[in-house]
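Below is one structure; the comments refer to it alone.
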Number of protein chains: 2
Amino acid sequence: MSALSPLLAAIAQRIGAAHVFTDPADMAPYLHEERGLYRGEAPAVLRPGSTEEVAFIVAACAQAGVAVVPQGGNTGLVGGQMPFGQMLLSLSRLDRIRAVDAVDMTMTVEAGCILDKVHAAAEEANCLFPLHIASQGSCRIGGNLSSNAGGTAVLRYGNARELVLGLEVVLADGRVWNGLKRLRKNNAGYDLKQLFLGSEGTLGIITAAVLKLFPRPAQRATAFLAVPDPAAALALLKRLRGEAGDALTTFELMAAFGVETVLKHMPGTVRPLGDTYDWYVLAELSSPTRAFDLGALMEEGLAAAMEAGEVLDAVIATSEAQAANLWRLREDMSEAQKHEGGSIKHDVSVPVSRVPEFLDRALSACMAALPALRPCPFGHVGDGNIHFNLSQPVGMEKAAFLALWERFNRIVHDIVTEMDGSIAAEHGIGLLKRDELAHYADPVALDLMRSVKLALDPAETLNPGKVIGVGVG
Amino acid sequence: MSALSPLLAAIAQRIGAAHVFTDPADMAPYLHEERGLYRGEAPAVLRPGSTEEVAFIVAACAQAGVAVVPQGGNTGLVGGQMPFGQMLLSLSRLDRIRAVDAVDMTMTVEAGCILDKVHAAAEEANCLFPLHIASQGSCRIGGNLSSNAGGTAVLRYGNARELVLGLEVVLADGRVWNGLKRLRKNNAGYDLKQLFLGSEGTLGIITAAVLKLFPRPAQRATAFLAVPDPAAALALLKRLRGEAGDALTTFELMAAFGVETVLKHMPGTVRPLGDTYDWYVLAELSSPTRAFDLGALMEEGLAAAMEAGEVLDAVIATSEAQAANLWRLREDMSEAQKHEGGSIKHDVSVPVSRVPEFLDRALSACMAALPALRPCPFGHVGDGNIHFNLSQPVGMEKAAFLALWERFNRIVHDIVTEMDGSIAAEHGIGLLKRDELAHYADPVALDLMRSVKLALDPAETLNPGKVIGVGVG
């Protein structure tokens, strides 16, 4: 009988034995993560059904000195949701939409709601919840908030952090902080929810949230463009934002390699333009008002941009199906890249105005290090966020290529840091970048982070060893 | 020779004797605050000229065990900027605009910049910095950020917290945290800037910030309307937001008493409508695009609203001068109220949908307590934020009326708390509401706040006794 048996027995009694998995086959889906970088280990997978049950588990584990790793949809890209000997606490059964209010423009949801379910509930109330990321069919909102997710609508709506009005959180000792306020303004003391947003479950476990909703778009105009280079893309960004203002909701840059990779591997994708080019942009206008015609605005903007040499060729979707096809060229990129072998990935950001310089420098440095490399940079150029992915040379051994990960990290992250950028733009730190953060971050910042961690989780029982290593973690 | 003399001598040597005020006449402007509720006391007013000088002062004071109170423009409404025996550290000499970038849409400013100067620098770059509050001619951006200021454009642009990308902060021990990133996405560890935004100088002293800019509006439509009641105002809010989307940037509710008070006391103000009504709304559409006509949109929206009985009468400004006159009816309200004697003020918020119920309940309860009371509720109904001000009965002694402050606090704040609202919407806690916060806040929340305070300022030398009382403070 293991030393954990009394603890697991108490938990099973409280949440039901059917929700305590210890069989490896039952646990497997929770312990493999998408990138295949980590294989988790846990004495048990615990699946509480309510905030009170989460609190019970956390309190019981804390008393037993056992650490807990919270997990949402297990779609995280940096290993933050993986246990390495700790209890795995899945939030997936907390999946109720508690309330939607179309006047307040708010929605109260439990942490385990799948993001697409949140979207659907907002739309039912004729509203928009604007967080859109590739994994939205399986990721869960608690994980999105814990990792301060970004996505393709940040340009207009901000990151996940900015979409939250209130939180309910289970603290390290099992107490529940009920901060589920539906308020647009609240300066009654420190804004505690900010501690838990983006801290990847290391300071508390988010069990529910009040989300901001927005008016639902009544029209869209989606365009796919060829641009001569990233600098032209930036000029076009400035032009479209000046003309369309808030209606410019998406502006994504892609290198030719990525687009060709999607066209090659993803069934049903269609070449958007007659010719091939080095760089492409997906731009979308959307607006809740029908007071003006976004299609006409896009056409005029692109015509002027072509005249100015910022755009070489362009197509504007004339149907929703065509718009969906254009979106696939961007959204299927990570998936398509898997067909080209190993990929060393960097999720970085720099000031928007410095994206062209970053791409120049990083591409040159990486090609110098490995001339047969096939770079696949793409991303949210309107946010200065580039997924600087590197596909392996043709014919190289995948494992040999991936063994270069740290070397390319140093090349890319050195440049990012010199340019006052971030080595972790929207995917978080987790375990994958913990040592990178320790390497690059300002010692004062690291010290502040450690102080906050120790103030909220002094025994280090919440997701230990993630984001920052405090003690032995 | 006072015990502080060696400390002051060291500071004078570092920042210049001309910037250390100890003469009561020199110190007076820093020790009187706008509402006249507090009279501060300080051994000296210190006016450093750089971040390094701020850090020197804070380190020297910390070593001497002397507490420091930071102050911006001294326009705070809750006493947060007032010293009571501590050193007063004025940020007013740190007033440089360090950089403006119209592609990044960012601006790096020092804490002592007057808000209007920030506006002007943004406009020079054809951008908008959207924080607008009544004191913008004298308040300073560091204070705005420390108090997470709100104002009349929150509906579209969010509170001050949401307008910040990076901060530079002097910590309690005098170390400088340089978090002046110009990044739209950055998940490299905990988002430390959130600790300092809205914490009123109790966790660190903000010395500089990177602000978000927005496209500058190219057109506006400003309307002043009579509505039958607050519920109709909410219906109109929903209608205009549905039709104009993000272009609805201001939506302010005012009771008749406030508007009449402005018309009576403020020279040059003009009655906007032919008749008098119980409730008024100031609504503004603004947009950076000229692709559609906001005036026509406003006209159509109001015509439909009149048909639906949501609006009784309306005027749409046909010139900038007329728009400015309409704005004065709202902006001069606090000033005008001073002419009607004492005012007991509450800065509260509730969920937007519950504003009518809140007004009903709070007005009834206050009138029952003092039937000759003259309530003057007004505010940002689109944010659920009401300035629930109560003017004294005609002929009552001002001091006798103001002696009822705590009694009315209890009446109003009890109702707000029952309605899941906030007793401090946009003015902060400071000293004025510290004990109210302790009375109403969830003990778990208070405990978290204390933990954070002790983690960042263990010796309690930063603005002690404000927001939360930790030790003896």
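Miscellaneous remarks
- Scoring residue A:151 on the criteria (1) open to solvent by 10 Å² or more (accessible area, probe 1.4 Å); (2) outside any strand (DSSP E or B); (3) within 11 Å of chain B (Cβ to nearest Cβ) leaves a single failure, condition (1).
- Matching residues in the range A:14-44 - criterion: being assigned to a helix (DSSP H, G or I) and open to solvent by less than 80 Å² (accessible area, probe 1.4 Å): A:15, A:17, A:18, A:19, A:25, A:26, A:27, A:28, A:30, A:31
- Per the listing B:232, B:209, B:218, the residue uniquely at negative phi and in contact with a Lys or Arg (Cβ under 7 Å, 6 or more places away or on another chain) is B:218.
- Output for the range A:434-452, where each listed residue is under 22 Å from the mean Cα position of the chain (by Cα) and either hydroxyl-bearing (Ser, Thr, Tyr) or facing chain B (nearest Cβ under 8 Å) (or both): A:437, A:440, A:441, A:449
- Criterion violated by residue A:446 - all others in (1) open to solvent by less than 20 Å² (accessible area, probe 1.4 Å); (2) in contact (Cβ under 8 Å) with a residue 24 or more places away in the chain; (3) assigned to a helix (DSSP H, G or I) satisfied: (2)
- For the range B:59-86, a residue qualifies if it is farther than 20 Å from residue B:147 by Cα and either modelled with pLDDT under 95 or in contact with a strand residue (DSSP E or B) (Cβ under 7 Å, 6 or more places away or on another chain) (or both), and the qualifying residues are B:61, B:66, B:85.
- Only one of the listed residues (A:396, A:306, A:333) is away from chain B (no Cβ under 14 Å), surrounded by 23 or more Cβ atoms within 10 Å (Cβ to Cβ) and either farther than 23 Å from residue A:241 by Cα or free of Cβ contacts under 8 Å to residues at least 12 places away in the same chain (or both). That residue is A:333.
- Residue in the range B:188-218 that is farthest from residue B:464 (Cα to Cα), counting only those that are outside any loop (DSSP other than H, G, I, E, B) and within 8 Å of another protein chain (Cβ to nearest Cβ): B:215
- Given (1) among the polar types (S, T, N, Q); (2) out of contact with any helix residue (DSSP H, G or I) (no Cβ under 6 Å at 6 or more places or on another chain); (3) touching a residue at least 40 places away in the same chain (Cβ under 8 Å), number of the condition residue A:343 does not satisfy: (2)
- Residue A:60 falls short of the stated requirement of being part of a helix (DSSP H, G or I), free of Cβ contacts under 8 Å to residues at least 60 places away in the same chain and away from chain B (no Cβ under 14 Å).
- Identity of the residue in the range A:166-195, under 26 Å from the mean Cα position of the chain (by Cα) and among the acidic types (Asp, Glu), that ends up nearest to residue A:60 (Cα to Cα): A:168
- Residue within the range B:309-325 that is open to solvent by 10 Å² or more (accessible area, probe 1.4 Å), among the β-branched types (Val, Ile, Thr) and in contact with a strand residue (DSSP E or B) (Cβ under 8 Å, 6 or more places away or on another chain) present: yes
- Flag if residue A:182 is out of contact with any strand residue (DSSP E or B) (no Cβ under 7 Å at 6 or more places or on another chain), of a type in the set (D, E, K, R) and either within 19 Å of residue B:164 (Cβ to Cβ) or within 7 Å of chain B (Cβ to nearest Cβ) (or both): no
- Total residues in the range A:337-358 satisfying the condition of being part of a helix (DSSP H, G or I) and either surrounded by fewer than 23 Cβ atoms within 10 Å (Cβ to Cβ) or aromatic (Phe, Trp, Tyr) (or both): the figure is 8.
- Test: residue B:224 is touching a Lys or Arg at 6+ places or on another chain (Cβ under 8 Å), modelled with pLDDT of 95 or more and either closer than 13 Å to residue B:382 by Cα or not assigned by the TED database to the domain that holds residue B:358 (or both): no
- Within the range A:449-473, the set of residues being over 14 Å from residue B:171 (Cβ atoms), touching a helix residue (DSSP H, G or I) at 6+ places or on another chain (Cβ under 8 Å) and either in a helix (DSSP H, G or I) or open to solvent by 50 Å² or more (accessible area, probe 1.4 Å) (or both) comprises A:454, A:455, A:456, A:459.
- Qualifying residue in the range B:66-77 (condition: in contact with a Pro (Cβ under 8 Å, 6 or more places away or on another chain), part of a helix (DSSP H, G or I), not assigned by the TED database to the domain that holds residue B:403 and not charged (D, E, K, R)): no
- Residue in the range B:232-247 that is away from chain A (no Cβ under 14 Å) and either touching a strand residue (DSSP E or B) at 6+ places or on another chain (Cβ under 7 Å) or of a type outside the set (A, V, I, L, M) (or both) present: no
- Subset of the range B:359-375 (residues that are polar (S, T, N, Q) and open to solvent by less than 20 Å² (accessible area, probe 1.4 Å)): none
- Taken over the range A:87-118, the criterion of being in a loop (DSSP other than H, G, I, E, B), open to solvent by 30 Å² or more (accessible area, probe 1.4 Å) and more than 14 Å from chain B (Cβ to nearest Cβ) is satisfied by A:93, A:95, A:96.
One line per residue, one yes/no per condition, for (1) buried (at least 24 other Cβ atoms within 10 Å of the Cβ); (2) farther than 18 Å from residue B:174 by Cβ:
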position: B:50; (1), (2): no, no
position: B:53; (1), (2): no, no
position: B:57; (1), (2): yes, no
position: B:62; (1), (2): no, no
position: B:66; (1), (2): no, no
position: B:69; (1), (2): yes, no
position: B:72; (1), (2): yes, yes
position: B:78; (1), (2): yes, yes
position: B:84; (1), (2): no, yes
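- Count of the range A:413-443 residues, restricted to those that are within 16 Å of residue A:203 (Cβ to Cβ) and either free of Cβ contacts under 8 Å to residues at least 60 places away in the same chain or open to solvent by 40 Å² or more (accessible area, probe 1.4 Å) (or both), is 2.
- Selection of first residues in the range B:25-40 that are more than 24 Å from residue B:337 (Cα to Cα) and of second residues that are among the aromatic types (Phe, Trp, Tyr) and open to solvent by 70 Å² or more (accessible area, probe 1.4 Å), restricted to Cβ pairs under 9 Å at least 6 apart or on distinct chains, gives the following pairs, ordered by first then second residue: B:40/B:84.
The values are calculated or read from the model by the stated rules, or taken from the named source; none is laboratory data. Keep in mind that what you see is a predicted model, and the values were worked out from it rather than measured. Reconstructed Cβ throughout: ideal geometry from the backbone, glycine too, with neighbour counts over all protein chains shown. Only protein heavy atoms, including side chains, enter the accessible area calculation; ligands, DNA and RNA are left aside. Shrake-Rupley method; radii C 1.70, N 1.55, O 1.52, S 1.80 Å.
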